[in-house]
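Engineer: If you scroll down you'll find the structure; I have some questions about it.
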Amino acid sequence: MKFLAVALRNRYVTPLRIAAPMAMPANAPVHDLGSLRIDDHHRSSSSWGKRLAIFFGLLVILGGLSGAVFTFWNSKPVVEVAVVQKSTNNGGREALLNASGYVTPRRRATIAAKITGRVIGVFFDEGTHVSEGQLLATLDDSDARKALDSAKADYSASKAAIADLEVQLKNARIQLRRAEQLQNAGVQTEEQLYNARTASDSLQAKIALAQSQVISSEARIQQAQQAVDNCTIRSPYSGIVVSKDAQVGEMVSPNSAGGGFTRTGIATIVDMNSNEIEVDVNESYISRVQPGQPVTAILDAYPDWEIPSRVRTIIPSADRQKATVKVRVSFLKLDPRILPDMGIKVTFLGAEQKKQPGAEAAAILIPQSAVHDENGKNVVFLVKDDKTERRAVTLGAKRGSDTEVIAGITAGDTLVVKSPGNLRDGQSVEVKK
């Protein structure tokens, strides 16, 4: 088998013939690896292209950075401003401390129903003046009135039962007297006399029981009447309605027993005669505040109106988070323009001092946050035509969170009280609303 395989392979294998080398033409080009070399002038033009590409790339990056810097430099920072005002003379009293707070009423209540029920009538609106005991709203009292009618019916039945028993008792007493007479005459037995006396005593006991039932019926009538009265909501004191919290058809409950859609109040009433000022005083300056101390108050809504006031009380508790003590100030004279939750600024005054000849008039007070230190100089920024104006100022004594300005600004200037740290002179700004 091996010899047969070798024979077949030799039969079909074609012998390889090696051709003789061909003769080359005389003018054929000679191929040389040196022809692939890049000339020096080509190398220099390529390096210049790279340099130009790098130059234009840097130029684009520089342009982007310049645009970003220009945009940032020309963006308008948002600032908070306040109009500079002079502090009042305060009748020769020294201003010891300045603070801000809100008008709060001592008597402010949300009127609610004592029971759960459906509102069927509302007889007020926001801003309505109400007097003590005035009807505000009514609830559905159909169930309560049915219970009242049932109690009254029980009462009537008990009274009728007493009348019937009294008639029976009258007859029993007649029978008892007759039995006593017959017993004395020896005509009737003692047993008949005993039975007559027992019938009389039994009727007296039934009448006493019926009278107790009458008293119980009267108590049930009062309870049912109270349930009916609870369906009417009245004002507990005179005041002004500041919030209307329920409408006709809604369910009201004192504890939301009817679910998430149940109202818990009918109206919120404020006693305007109990308005006072509530301020938070830094605990570092609370020693300057005393009960009965005179105070000058200025509402944010009426900056030219000075309201004489007096410290009513200092709450004997401090807020550890804010490091403040709550002080309540009473108005010496109330005014309809004073509304709850209005912002107000107060000045706590010291003892009255005699005004010296040539003494300065009212001083200018500004927040300490408006003063900037530039190389040892105190400067502030004013806003005029939406641009800042740098002013050097001379400061006086500090009064709480404010400081007195002796020179540099005048009343009526628009002062920047809060601003970014990089504010500069002549910069366009946007005033925070």
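The values are calculated or read from the model by the stated rules, or taken from the named source; none is laboratory data. Since the structure is predicted, the reported quantities are computational estimates derived from the model, not experimental observations. With ideal geometry, Cβ positions are generated from the backbone for all residues, glycine too; neighbour counts draw on all protein chains shown. The accessibility values were calculated without ligands, DNA or RNA, using every heavy atom of the protein model including side chains. Shrake-Rupley method; radii C 1.70, N 1.55, O 1.52, S 1.80 Å.
Engineer: Tell me, what HN-Hα J-couplings in whole Hz come from the Karplus equation 6.51 cos²θ - 1.76 cosθ + 1.60 at θ = phi - 60° for each residue of the stretch 161-177, using x for Gly and Pro?
Structural biologist: 5, 5, 4, 5, 5, 5, 5, 5, 5, 4, 5, 5, 5, 5, 5, 5, 5
Engineer: Please list, ordered by chain and number, the residues whose modelled amide H lies under 5 Å from the amide H of Ser238; skip anything fewer than 5 residues away on the same chain.
Structural biologist: Glu132
Engineer: Sticking with this structure for a sec: Keeping every protein chain in place, order Ile286, Ile54 by accessible area at 1.4 Å, biggest value first, i.e. largest first.
Structural biologist: Details: Ile286 40, Ile54 105 Å².
Most to least solvent-accessible, the answer reads Ile54, Ile286.
Engineer: Where does the stretch 192-290 land on Rg/Rh, using Cα atoms and the Kirkwood Rh? Intermediate results must be reported in sequence, preceding the final value.
Structural biologist: On the way: Rg = 29.2 Å, Rh = 20.5 Å.
Over the Cα atoms of the stretch 192-290, Rg/Rh equals 1.43.
Engineer: How big is the Cα convex hull of the stretch 79-232 in projection, averaged over all directions, in nm²?
Structural biologist: 22.5 nm²
Engineer: Also: Residue-wise, which Karplus ³J(HN,Hα) couplings in Hz belong to the stretch 389-396, taking 6.51 cos²θ - 1.76 cosθ + 1.60, θ = phi - 60°, and x for glycine or proline?
Structural biologist: 3J(HN,Hα) across the stretch 389-396, in whole Hz: 9, 7, 10, 7, 10, 10, 9, x.
Engineer: Under Stokes-Einstein, with the Kirkwood radius over Cα pairs standing in for Rh, what whole-number D in µm²/s applies to the stretch 123-190 at 10 °C and 1.306 mPa s?
Structural biologist: Values: Rh = 17.9 Å.
Stokes-Einstein gives a translational diffusion coefficient of 89 µm²/s.
Engineer: With only Lys, Arg, Asp and Glu charged, each at its Cβ (+1 for the first two, -1 for the last two), find how big the charge dipole of the stretch 93-224 is about the Cα centre; round to the nearest 20 debye. Please report the intermediate quantities before stating the final value.
Structural biologist: Details: 17 positive and 16 negative charges, 41 e Å.
Result for the stretch 93-224 is approximately 200 debye, rounded to the nearest 20.
Engineer: Could you tell me the calculated FRET efficiency between Gln222 and Val83, based on Cβ-Cβ distance and R0 = 60 angstrom, to the nearest 0.05?
Structural biologist: Numbers: r = 64 Å, r/R0 = 1.07.
Once rounded, the FRET efficiency stands at 0.40.
Engineer: So which trypsin sites (Lys or Arg not before Pro) in the stretch 100-163 end up in coil per DSSP with only 15 or fewer other C-beta atoms within 10 Å? Mind dumping the intermediate values first?
Structural biologist: Details: sites: Arg106, Arg107, Arg108, Lys114, Arg118, Arg145, Lys146, Lys152, Lys159; in loops: Arg106, Arg107, Lys114.
Hits after loop and neighbour filter: Arg106, Arg107, Lys114.
Engineer: Given labels modelled 7 Å from the Cα in the Cβ direction, how far is it in nm from Val167 to Lys387?
Structural biologist: Distance between label points: 11.0 nm.
Engineer: Given the peptides 182-191, 326-335, arrange them by the average over their residues of other C-beta atoms within 10 Å, most packed first.
Structural biologist: Numbers: 182-191: 11.3, 326-335: 16.4.
In decreasing order of mean packing, 182-191, 326-335 become 326-335, 182-191.
Engineer: Using +1 at the Cβ of each Lys and Arg and -1 at the Cβ of each Asp and Glu in the stretch 142-257, identify which of Gln204, Pro254, Leu182 lies farthest towards the dipole's positive end.
Structural biologist: Leu182
Engineer: Follow-up. Distance from a point 7 Å along Cα→Cβ of Ala351 to each backbone N in the stretch 286-315: keep the residues under 18 Å and list them by number.
Structural biologist: In the stretch 286-315, the label zone of Ala351 (backbone N under 18 Å from the point 7 Å along Cα→Cβ) covers 287-295.
Engineer: To continue, here is another question. Quick one: accessible area per residue over the stretch 302-345, 1.4 Å probe, rounded to a whole number of Å²?
Structural biologist: On the way: 2880 Å² over 44 residues.
Dividing the accessible area of the stretch 302-345 by its residue count gives 66 Å².
Engineer: How much accessible area per residue does the stretch 165-237 have, in Å², with a 1.4 Å probe?
Structural biologist: Values: 4850 Å² over 73 residues.
With the other protein chains kept in place, the stretch 165-237 gives 66 Å² per residue.
Engineer: Given axes a ≥ b ≥ c from the Cα gyration tensor, I'd like to know whether the stretch 171-225 is rounded (a/c under 1.5), prolate (a/b larger than b/c) or oblate.
Structural biologist: On the way: a/c = 8.60, a/b = 4.96, b/c = 1.73.
Prolate is the answer for the stretch 171-225, as a/c is 1.5 or above and a/b outweighs b/c.
Engineer: Sticking with this one: Just in the stretch 270-304: which GluC sites (Glu not before Pro) are loop by DSSP and have at most 15 other Cβ atoms within 10 Å?
Structural biologist: Values: sites: Glu276, Glu278, Glu283; in loops: Glu283.
Answer by residue number: Glu283.
Engineer: Another one. Once the Cβ-Cβ distance between Lys398 and Glu94 is put in as r, and R0 is 22 Å, what FRET efficiency do you end up with, to the nearest 0.05?
Structural biologist: Details: r = 13 Å, r/R0 = 0.59.
For R0 = 22 Å, the calculated efficiency reads 0.95.
Engineer: Another one. Between Ala157 and Tyr102, how high is the FRET efficiency from 1/(1 + (r/R0)^6) when r is the Cβ-Cβ distance and R₀ = 60 Å? Nearest 0.05. Each step should come with its number before you reach the end.
Structural biologist: Values: r = 61 Å, r/R0 = 1.02.
So the FRET efficiency works out to roughly 0.45.
Engineer: What is the extension gain from Asn378 to Glu430, computed as 0.36 nm multiplied by their sequence separation minus the C-alpha to C-alpha distance, in nm to one decimal? Provide the component values of the computation, followed by the final result.
Structural biologist: Values: separation 52, 0.36 × 52 = 18.72 nm, distance 2.33 nm.
Here the segment from Asn378 to Glu430 would lengthen by 16.4 nm.
Engineer: Can you pull the percent of the stretch 134-229's accessible area that's carbon plus sulfur, 1.4 Å probe, other chains left in place?
Structural biologist: Numbers: 3110 of 6230 Å².
It is 50 percent, rounded to a whole number.
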